[in-house]
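Shown next, in structure tokens, is the structure this report addresses.
The values are calculated or read from the model by the stated rules, or taken from the named source; none is laboratory data. Bear in mind that the values here come from a model prediction, so they are computed numbers and not experimental data. Note that we place each Cβ from the backbone using ideal geometry, even for glycine, and neighbour counts take in every protein chain shown. The protein model used for the area step is the full one, side chains on, heavy atoms only, and it has no ligands, DNA or RNA in it. Shrake-Rupley method; radii C 1.70, N 1.55, O 1.52, S 1.80 Å.
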Amino acid sequence: MAIRDILIIPDKRLRLISEPVKAVDAALRTLVDDMFATMYEAPGIGLAAIQIGVAQRVVTMDLAKKDEPPEPLVFLNPEIVWSADDTSTYEEGCLSIPEYYEEVERPAAVKVKYLDMDFKPHELDAEGLLATCLQHEIDHINGVLFIDHISKLKRAMVMKKFTKAAKKGVSPALAKDKEPSHHIG
Ligand code: GNR
Ligand code: NI
């Protein structure tokens, strides 16, 4: 099991449309193991394979609270087959956009079709955090990020901050410390 690097915006690979999984083989099992190791270490409640640079339609998730036993979930080729008309708003974050949080409005409930690690099909009725997280992860495998659901101005500000930080090779939280002094005062 290996912890892999998580891609950060503006990495273009985060905009790829991931390919469907064709079979559960040893390589896929290693990918899923690595995704859990990476997700738990981050820590995050969900991860899409593209976030570690693998453009396959694979999602891991664990929504168990800290004081509860782990509940690892795997979704292969997940697809939203129904969305509720009513919406809910949740403050979202993303491991590919570290330390940025914003409210996102999405359908309050979804029905998701997916395959498990035995390649057996399932349908899951989700609401609450599970519905939000599934939509966030299914967005990832379609090259969509949660900032695509916020205002254009907020998105532009986030993109600018992370693009500047990437050029300096530091995290956005530290980037301001590298500003040349002529930017101050
Ligand atoms: O860890 C995560 N938390 C989170 C919070 C609200 C809505 C979605 C998420 S998913 C995120 C991990 C991540 O980036 N998954 O792609
Ligand atoms: Ni994310």
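Taken over the stretch 88-114, residues that are among the aliphatic types (A, V, I, L, M), within 16 Å of ligand 2 (Cβ to nearest atom) and outside any loop (DSSP other than H, G, I, E, B) amount to 1.
Number of residues in the stretch 81-95 that are open to solvent by 70 Å² or more (accessible area, probe 1.4 Å) and more than 16 Å from ligand 1 (Cβ to nearest atom) equals 3. Got at least one residue in the stretch 22-31 being open to solvent by 40 Å² or more (accessible area, probe 1.4 Å) and either closer than 25 Å to Arg155 by Cα or within 15 Å of ligand 1 (Cβ to nearest atom) (or both)? Checked the stretch 22-31: no residue is open to solvent by 40 Å² or more (accessible area, probe 1.4 Å) and either closer than 25 Å to Arg155 by Cα or within 15 Å of ligand 1 (Cβ to nearest atom) (or both).
Looking at the stretch 111-165 only, could you name the residues that are aromatic (Phe, Trp, Tyr) and either farther than 14 Å from Thr60 by Cα or open to solvent by 60 Å² or more (accessible area, probe 1.4 Å) (or both)? Listed by number, the residues that qualify are Phe119, Phe146, Phe162.
The conditions of being surrounded by 13 or more Cβ atoms within 10 Å (Cβ to Cβ) and under 23 Å from Val158 (Cβ atoms) are met by Val104.
Okay, residues lined up against (1) modelled with pLDDT of 95 or more; (2) more than 17 Å from the chain's Cα centre (by Cα):
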site: Lys66; (1), (2): no, yes
site: Thr87; (1), (2): yes, yes
site: Pro107; (1), (2): yes, yes
site: Cys133; (1), (2): yes, no
site: Lys160; (1), (2): yes, yes
site: Leu174; (1), (2): no, yes
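Residue under question is Ala49, and the condition is that it be open to solvent by less than 60 Å² (accessible area, probe 1.4 Å) and under 13 Å from the mean Cα position of the chain (by Cα); does it hold? Yes; evaluated as a whole, the condition is true for this residue.
Go through the stretch 41-63 and give me each residue that's of a type in the set (A, V, I, L, M) and away from ligand 1 (no atom under 13 Å from the Cβ).
First pass over the stretch 41-63, keeping only residues of a type in the set (A, V, I, L, M): 42, 45, 47-50, 52, 54-55, 58-59, 61, 63.
Listed by number, the residues that qualify are Val54, Ala55.
Selection of the stretch 35-58 for residues being within 10 Å of ligand 2 (Cβ to nearest atom) and touching a residue at least 60 places away in the same chain (Cβ under 8 Å) yields Ile45, Gly46, Leu47, Ala48, Ile50, Gln51.
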